[in-house]
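Structure record follows, encoded as structure tokens.
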Amino acid sequence: MEYRKLGHSGLKVPVLSFGTGTFGGVNEFFKKWGKTGVKEATEMVSHCLDAGVTLFDTADIYSDGASEEILGKALNGRREKALISTKATFSVGAGPNDKGSSRYHLLQACEASLRRLGTDYIDIYFMHGFDALTPVEETLKVLDNLIQSGKVRYIGCSNFSGWHLMKSLSVSEKYGWSRYVVYQGYYSLIGRDYEEELMPLGIDQEVGLMVWSPLGWGRLTGKIRRGEPLPEGRIKFGGALGGPSVDDEFLYHVVDVIDEIAKETGKTVAQIALNWLLQRPTVANIVIGARNEEQLKENLGAAGWALTKAQMDRLDAATERKPVYPYWHQHDFSERNPSPVPRF
């Protein structure tokens, strides 16, 4: 397993982490992701640790906290061998303060996550979304307090706009508080918006990327193809709800190109999609998910090899889309405002 430095920090993480959104399945939304229980989760965690996948990602809202509970039980007796990332901000109750990134909510949310995980510290604590109603200073101060107390090791943010992240970094710098070292965001061959604003920011400010949904909400598994019915699985049962829409013909074209490269490399569609991400700027880690051991083993096969430059270029060309303003305009001034990735 390859390990990379996590942004502007001294922490090294494996290039693949295991996402536990499939653990629990205790409500209608998360049932569509998976219903992994403690026994199967423990086995999958063991396979991950054996493969060097030592980082496990969860969140307090995943299956109403059941994901954290199951992960904690699966790691019982081997917590020191693992890194845990979890998240707060989104609603966990009906009360007015059961959401957001206020001091009140974050202190409660962190303690609740620690209890469910059965641990006394969180390695990476993410703000799951930006709370525009809470002063940035309030959020970052309480996060710095949690680090000083030893309950949190590093902090990150997820689903922020570029200005949300940049303002947060400037506030941390101004007051000498701990700063976000990692951004967890959506990025895939069929969803490259991250490249326009957040990737250049990440390069400039040394903010590493943990990629979520690297297979485009399950569309790049190799099972969705032109002229064929949807296979059994997450997409068929509504698991793409809440995700970005993807034009069918665009998806089929991308899969056709991946298929060509799969024949050249002897790898699967999913492995190629993941390996492409591993060669992109700022990417420190990819969060992989799996409903079963077979899917896990396939995803683990994405590391330890590399697509050629020619193959990367073919994938870049096949998946490039015209961005929204002002980015399409900025591309015309690439001589002085170069893109961090090739443009075709």
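Tabulated data
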quantity	calculated
Tabulated pairs, the range 68-79, first more than 13 Å from Asp120 (Cα to Cα) and at pLDDT 95 or above, second of a type in the set (Val, Ile, Thr) and open to solvent by 40 Å² or more (accessible area, probe 1.4 Å), C-beta under 7 angstrom, 6+ apart or interchain	Ile70/Val38; Lys73/Val38; Ala74/Val38; Ala74/Thr42
Test: residue in the range 308-318 that is in a loop (DSSP other than H, G, I, E, B) and surrounded by fewer than 17 Cβ atoms within 10 Å (Cβ to Cβ)	yes
The range 187-199, residues that are outside any loop (DSSP other than H, G, I, E, B), in contact with a helix residue (DSSP H, G or I) (Cβ under 8 Å, 6 or more places away or on another chain) and either open to solvent by 10 Å² or more (accessible area, probe 1.4 Å) or within 22 Å of Ile147 (Cα to Cα) (or both)	Leu198
Exclusive hit being within 30 Å of Glu43 (Cβ to Cβ), of a type in the set (Val, Ile, Thr) and open to solvent by less than 20 Å² (accessible area, probe 1.4 Å), set Ile272, Ile261	Ile272
Members of the range 102-141 found to be closer than 21 Å to Thr54 by Cα and not hydroxyl-bearing (Ser, Thr, Tyr), listed by number	Leu114, Arg115, Arg116, Leu117, Gly118, Asp120, Ile122, Asp123, Ile124, Phe126
Residue among Lys5, Lys35 that is within 19 Å of the chain's Cα centre (by Cα) and among the charged types (D, E, K, R)	Lys5
Condition check for Asp64: in contact with a Gly (Cβ under 9 Å, 6 or more places away or on another chain), under 26 Å from Tyr3 (Cα atoms) and acidic (Asp, Glu)	no
Qualifying residue in the range 105-116 (condition: among the hydroxyl-bearing types (Ser, Thr, Tyr) and open to solvent by 10 Å² or more (accessible area, probe 1.4 Å))	no
Positions within the range 52-103 being open to solvent by 10 Å² or more (accessible area, probe 1.4 Å), hydrophobic (A, V, I, L, M, F, W, C) and within 20 Å of Lys31 (Cα to Cα), in sequence order	Ile61, Ala66, Ile70, Phe90, Val92
Some residue of the range 50-66 being among the β-branched types (Val, Ile, Thr) and touching a Cys at 6+ places or on another chain (Cβ under 9 Å)	yes
Condition check for Asn292: in contact (Cβ under 8 Å) with a residue 40 or more places away in the chain, in contact with a helix residue (DSSP H, G or I) (Cβ under 9 Å, 6 or more places away or on another chain), within 30 Å of Ala59 (Cα to Cα) and open to solvent by less than 30 Å² (accessible area, probe 1.4 Å)	no
Residues located in the range 2-30, provided they are closer than 22 Å to Leu117 by Cα, in a loop (DSSP other than H, G, I, E, B) and open to solvent by 50 Å² or more (accessible area, probe 1.4 Å)	Val26
Hits in the range 37-73 - residues which are more than 18 Å from Lys297 (Cα to Cα) and aliphatic (A, V, I, L, M)	Val38, Ala59, Ile61, Ala66, Ile70, Leu71
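The rows are residues; the columns are (1) outside any strand (DSSP E or B); (2) open to solvent by 30 Å² or more (accessible area, probe 1.4 Å).
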| residue | (1), (2) |
| --- | --- |
| Leu169 | yes, no |
| Ser172 | yes, no |
| Trp177 | yes, yes |
| Val182 | no, no |
| Gly185 | no, no |
| Leu201 | yes, no |
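The values are calculated or read from the model by the stated rules, or taken from the named source; none is laboratory data. Note that this is a predicted model, so its numbers are computed, not measured. When we count neighbours, we look across all protein chains shown, and the Cβ atoms used for this are built from the backbone with ideal geometry, even at glycine. Surface areas here come from the heavy atoms of the whole protein model, side chains and all, with no ligands, DNA or RNA. Shrake-Rupley method; radii C 1.70, N 1.55, O 1.52, S 1.80 Å.
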